[in-house]
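Here the structure is laid out as structure tokens; the discussion comes afterwards.
Read-outs: derived from the displayed coordinates by stated rules, not from any lab. Owing to the predicted nature of the structure, the values given are computational and were not obtained by experimental measurement. Positions of Cβ are backbone-derived with ideal geometry, glycine not excepted, and every protein chain shown enters the neighbour counts.
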Amino acid sequence: MSITIDNAEVEALLADLTATTHRAAPDLLLELLRRERARVEEDRQRDRAAAIASGRLLHERTYASQLVDPRPIEEILAYDENGLPV
């Protein structure tokens, strides 16, 4: 597979890096893409962990709060023990 890059800044940066590091352009691009993929995956894992922590906190707060109506749910919904309307 070949990639055409039609961006003067990208070409200049790549030429500068290849001259500075004495590495081939494909090797540099591969390393940069791998680093970016690793960074994105770390961000995704961090976001996932934050979402889980947020869900746990919400769960804990919900169960720690007092009930507004202490009656059993069956009484509130007005159904008897057989599931029939009262």
Inspect all residues belonging to the range 29-48 and state whether any of them is small (Gly, Ala, Ser), part of a helix (DSSP H, G or I) and closer than 30 Å to Ser2 by Cα.
-> yes
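Inspect all residues belonging to the range 67-80 and state whether any of them is in a strand (DSSP E or B) and over 30 Å from Glu11 (Cα atoms).
Applying the first criterion (in a strand (DSSP E or B)) to the range 67-80 yields 79.
With the extra rule that they be over 30 Å from Glu11 (Cα atoms), the set shrinks to 79.
Yes, that holds for at least one residue.
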Within the range 16-57, the residues that are of a type in the set (A, V, I, L, M, F, W, C) and loosely packed, with under 10 Cβ neighbours inside 10 Å are Ala19
Given the conditions (1) surrounded by 10 or more Cβ atoms within 10 Å (Cβ to Cβ); (2) in contact with a helix residue (DSSP H, G or I) (Cβ under 9 Å, 6 or more places away or on another chain), every one holds for Leu13 apart from (2)
Would you call Thr62 out of contact with any helix residue (DSSP H, G or I) (no Cβ under 9 Å at 6 or more places or on another chain), more than 30 Å from Ser2 (Cα to Cα), among the hydroxyl-bearing types (Ser, Thr, Tyr) and assigned to a helix (DSSP H, G or I)?
-> yes
